[in-house]
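Chemist: Right, I'll just put the structure down here and ask away after.
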Amino acid sequence: MSTPVAVLISGSGTNLQALLDDCDCQSSLAHIAVVISNRRDAYGLERARQRGIPAIWVPHRKKSREDFEADILDVLQQYKVEWVVLAGFMRVLTAKFLSAYHQRVLNIHPSLLPAFPGINAQQQALDYPVKITGATVHFVDTGMDTGPIIIQESVPVYTDDDISSLKTRILAVEHKILPQALQLAVAGRLLIEGRTVQVLD
Ligand code: GRF
């Protein structure tokens, strides 16, 4: 039985695309049941529609955070979603939301956490400047990119990099490790012990 997953996005959705492609594989233990965006013009919604997957705009403006999250939870319940993946979703979730999906929300971040949390992680890496950065998939907790780490992969930073070249190099890694982490998650192979995530055989 394949596990229903929701992907929450705010933008282009290249990570969503990687998940859609991976979940199309026969061996996938997950399927994308619904894609939700807080931005109506997010191209990721179009990517979902092209696959015949429900693509739902849940606006965050002119409503409280609680109401926004309640609207998202309604959609998740409607589609019987069991796991949630944040893939470029630019809103921070509250403890109340996270308790509804306790240890079932993943996020992809374009740095080797705990370095460079928050927005513009790639620019932060260039500004520092570091010679190695990367991407991290982690469980979501109430902090900003602070939850237990599932997979990380490094990416070199070259002296002639600009924001575009570095983003592209990191994205290639994101597109690999996010589907990997989701498959491990839905297979029940991730065991959280404190801040440590053990990958079971
Ligand atoms: C990615 O770099 C992700 O790590 C970050 O936002 C970006 C989203 O890109 N959280 P995309 O919409 O998946 O192309």
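Chemist: Find the strands (runs of 3 or more DSSP E) located wholly in the stretch 84-165 whose residues include 1 or more that are within 12 Å of the ligand (Cβ to nearest atom) and among the polar types (S, T, N, Q), and list them. Break it down into steps so the answer makes sense when it comes.
Modeler: Working: elements: 105-109, 132-139, 149-156.
Ranges flagged: 105-109, 132-139.
Chemist: Additional query: What single numbered condition from (1) within 23 Å of residue 93 (Cβ to Cβ); (2) in contact (Cβ under 8 Å) with a residue 24 or more places away in the chain; (3) surrounded by 21 or more Cβ atoms within 10 Å (Cβ to Cβ) fails to hold for residue 116?
Modeler: Among (1) within 23 Å of residue 93 (Cβ to Cβ); (2) in contact (Cβ under 8 Å) with a residue 24 or more places away in the chain; (3) surrounded by 21 or more Cβ atoms within 10 Å (Cβ to Cβ), residue 116 violates only (2).
Bear in mind that the values in this text are calculations on the coordinates, not laboratory data. Here the structure is a predicted model, which is why all the values come from computation and not from measurement. Heads up, the Cβs are rebuilt from the backbone with ideal geometry, glycines too, and the neighbour counts pull from every protein chain shown.
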